[in-house]
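For reference, the structure is listed below as structure tokens.
The values are calculated or read from the model by the stated rules, or taken from the named source; none is laboratory data. No experiment lies behind these values; they were computed from the predicted model shown. Neighbour counts run over all protein chains shown; Cβ positions are idealised from the backbone, glycine included. To get the accessible areas, we keep the full protein, side chains included, count just its heavy atoms, and leave off ligands, DNA and RNA. Shrake-Rupley method; radii C 1.70, N 1.55, O 1.52, S 1.80 Å.
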Amino acid sequence: METLLQDVRYALRRLRRSPGFTAVATLTLALGIGANSAIFSVVNGVLLRSLPYPDADRLVLVAHVTREGNRAPMSPANFRDVRSESRSLEELSFWTYGGRTLTGTGDPARLQGADVGQHFFEVMRARPLLGRTFRPEENEPGRNRVAVLGHAFWRQRFGADPKVVGRTVTLDGEPYEVVGVMPEEFGFPNKRDVWTPLEYDADFMADASRGSWYISGIGRLKPGVTHQQAAREIEGLGARLQKQYPETNTDLGISPVSLYEQMVGDVRLSLLVLLGAVGLVLLIACANVANLLLARAAAREGELAVRAAMGAGRGRLVRQLLAESVILGLLGGAAGLVLAVWGTSALVAMEPQGIPRLAEVGVDATVVAFTLGVALLSGVLFGLLPAVQVTRSDLAGTLREGGRGSLAGRGSARTRNALVVAEMALAVVLLAGAGLLIRSFAVLQGVDPGFRTESALSFNVSLPQAAYDEGARGAFYDGLLERLEGLPGVRSAAAVSDLPMGNSATFLTFEVEGREPPEPGREPASQILRATAGYFRTMEIPVVRGREFTADDRAGSPGVVVLNQAAAREFFPGEDPLGRRILLSLGPDTTAVPWEVVGVAGDVRQFGVDAEVQSAMYFPQAQAPVGGMGVVVRTTVPPASLAAAVRREVAAMDPNLPLNDLQPLERLAADSMSQPRFYMLLLSLFAGVALALAAIGIFGVISYGVAQRTREIGVRMALGAEPSSVLRIVVGGALGLAGIGVGVGVLGALAGTRLLSGLLFGVAATDPPTYVGVAVLLLAVAALASWLPARAAVRVDPMTALRAD
């Protein structure tokens, strides 16, 4: 131990005597280690940290599986059969998403709510922070309405007042007694503000409900039952229900999936790719520091030879050099941890959509331990090669020659050159990945969403069912749109049940009048939207055939529908859909009524610019009113400048209505691209750091090589060599190294970038322009990095160079 402490003290003294070297090496390592720690903090929070529920690995989501392989909510009747017949599940409950409007306690607010079935919190093993959860009888109709509050909402709205339990709050115009508050770590599903019991009677799960999909099942496996066993049993139940109820369950499976897998499955590969990318950055940083240590070791050969002559063995010398490199690694780790704290905060602040559990991301003890481990491993990694190289040299010969040894020779040069080739190859892999994502994002930005995003303001309004019947809903939106269109700077205003670029949607089956009824379970289905008159004009969605809705399409007049082009192609191939009628029920009455096709509108990318266009049918809001609508205001002034006026007009219509997501329409499209933008920016940043480190590495190696060849260059110049020929020799050597690195890197990139296929849009993982561009860029950087020291070399006076030795 005493010997080790001596080595550490000596290493610290050596590093203090070389502040420039220490600072450069520490900064280089800090970039690599800090980036790794920041990304690992995201991976740890999203993928590695267990879900905050007791025995979370036994929680499963039970859902329908369509013939296309998509998961969908369950029908109450199918849920009933799975719950009663499954022997794999200890308990099965359900929830449905439901927004709630809070009034009576300050400004009205739209809450993220969930209506839950019996034993929901028991399935989750969730205990309240205050009060209690729901009793089974509170799901029965006619009971007193009760609610459980989410922790964040309780803290924000009620100041964390423990006396909130027992108070009455008004949700959707109805009184609810607060019976409990959940702890901060509980947020299922998706960090709700409030949970309420879904009221249902014995008919709720009757066979008549089998065709209605709207509840999501959450269950807990029995002790000793594996996920595979549960999957076999429940999928078998689904197959039996297909045969038993072909009119509703044809091609409809039922399958469980672990809650963890459902939450993180879509982002796991993407985050691991990012972690691998920063690992490459760290390797490049280590290669740079290893080259620095090789150059430094060459200057220390005399010192090491003296130590060897005084009895220091090879192991002792290696340990001494490794102590120095490990200390450098720890210094880089400490600086990297500071960068990681800042970087993690920046990553979370970007709030990319689709990445779960971001609120749980932070620099904790696990991240600190990871950083320490990476720092130690890096210190050994970049220090071992120079230590072995120097101790394998002829130290005795070095001592005889007065301190000039062999580390400046060919063997050491080959090692430094190999490190540069490795840096270039790793940089190619990173740059190719970043280039592919940049090209993919550029393609995404060029995609036409089907409507004009500029000069428009959007927001959502939801009318409480208790206060607005069907007639009142239509009157409200008519009055609101009229008031909005009267505002200065407003060209037009309209509303739709689901604004584009969102995740909510309603799909219904229908029949085409005059055609043979389809087989049970094979009815065509389409997305259903309600829109006000002027919606297509306000959104600037082209109507390519027929007409859009007018004020004459009101309640009591013949039902009309406008199809998008995808629906026209899918449901009326090779024929004119205008004048045809579809049979569909949009109200509580299940009897289908006819709707005449009066127009065909352009396709809108309803679920994001990177999502496929799906068939859609638009119905007049006046003929099929709903309470929740997204409103669009087309402006002649900056949209944000009208926000206050829009709030005033809504408050004048009903002061108890909150506005949600009041923002320029452009932001909807931008938010839909937030996840690809997140991946692109991060990988581009890592590639930029890698490129800079590779350039510095080439510059350092060429500069050192030129310094070692000062006498040779002086002789060449004295013998009449032209400066241009010397430049060609130096730069050509660097380009040769870069060329080998680029070649190796391209092969590695062709294999590695296939992992990015799921993140690309409109670009192949083997896109030739990207690889050509990366190769040209790196070769240009290599040429510039080598030209600078070469130019300095040819300016040296030959006589000075000859006297230098």
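The table that follows gives values for the structure above.
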item: Residues of the range 601-641 with amide N under 13 Å of the 7 Å Cα→Cβ point at S504; result: 626-631
item: Accessible area, probe 1.4 Å, largest first, for residues R667, R515; result: R667, R515
item: Solvent exposure ordering (accessible area, 1.4 Å, most first) of R554, R452; result: R554, R452
item: Per-selection metrics, the range 25-65 (Cα): Rg and Dmax in Å; result: 17.4, 56
item: Estimated inter-spin distance, M350 and R145, nm [label 7 Å along Cα→Cβ]; result: 4.2
item: Between the range 422-467 and the range 84-161, the alpha-carbon center distance in angstrom; result: 35
item: Value of D in µm² per second that Stokes-Einstein yields for the chain, Kirkwood Rh from Cα pairs, at 4 °C (1.567 mPa s); result: 41
item: Over the chain: helical MRE at 222 nm, DSSP H runs n ≥ 4 each giving -39500 (n - 2.57), nearest 500; result: -16500 deg cm²/dmol
item: Most to least accessible of E91, E184 (protein chains only, probe 1.4 Å); result: E184, E91
item: Debye-sum result for the range 600-647 in log10 I(q)/I(0), which assumes one identical scatterer on each alpha carbon, at q = 0.15 Å⁻¹; result: -0.70
item: Percentage, to the nearest whole number, of Cα pairs in the range 125-214 over 16 Å apart; result: 57
item: The range 231-278: projected area of the alpha-carbon convex hull, averaged over directions, in nm²; result: 4.5
item: Listed residue (F699, V597, A640) projecting farthest to the positive dipole end of the range 552-709, Cβ model; result: F699
item: Nearest-10 value in Å² for the accessible area of R71, using the 1.4 Å probe; result: 90
item: For E90, residues with placed amide H under 5 Å, excluding near neighbours; result: R220, L221, K222
item: Inter-label distance, nm, simple model (7 Å from Cα along the C-beta direction), S757/Y214; result: 4.0
item: Positive-end residue of Y200, G224, M182, charge dipole of the range 168-226 with Cβ unit charges; result: G224
item: Where only C-alpha atoms are counted, convex hull volume of the range 35-113 per residue in Å³; result: 234
item: Solvent-accessible area per residue for the chain (1.4 angstrom probe, square angstrom); result: 44
item: Cα pair count fraction exceeding 22 Å, expressed as % - the range 415-535; result: 65
item: Segment R67-T766, extension gain: residue separation times 0.36 nm, minus the distance between their alpha carbons; result: 248.5 nm
item: Å³ per residue enclosed by the Cα convex hull of the range 210-260; result: 90
item: Whole-percent carbon and sulfur share, accessible surface of the chain, 1.4 Å; result: 56
item: Cα point-scatterer Debye curve for the range 116-266, base-10 log of I(q)/I(0) at q = 0.09 Å⁻¹; result: -0.39
item: Relative compactness, the range 535-627, computed as alpha-carbon Rg over 2.2 N^0.38 Å; result: 1.08
item: Partner aspartates and glutamates for K163 [C-alpha distance under 17 Å; skip if fewer than 8 residues away on the same chain]; result: E177
item: Computed Kirkwood radius, in angstrom, where 1/r is averaged over Cα pairs of the range 199-286; result: 16.9
item: R319-L685 FRET efficiency (beta carbon distance; Förster radius 35 Å; 0.05 resolution); result: 0.40
item: Listed peptides 459-467, 283-291, 110-118, 140-148 by packing density, highest first (mean Cβ within 10 Å); result: 283-291, 110-118, 459-467, 140-148
item: Span-rule helices in the chain, defined as complete DSSP H runs reaching 20 Å or more along the axis (Cα) with Kyte mean at least 1.6; result: 268-299, 365-392, 723-752
item: Unit charges on C-beta of K, R, D, E only; dipole of the chain, Debye; result: 4760
item: Efficiency of FRET between S18 and A56 - r from beta-carbon atoms, R0 35 angstrom, step 0.05; result: 0.10
item: Charge-dipole axis of the chain as Lys and Arg at +1 and Asp and Glu at -1 on Cβ define it, positive-most pick from T250, G98, P664; result: P664
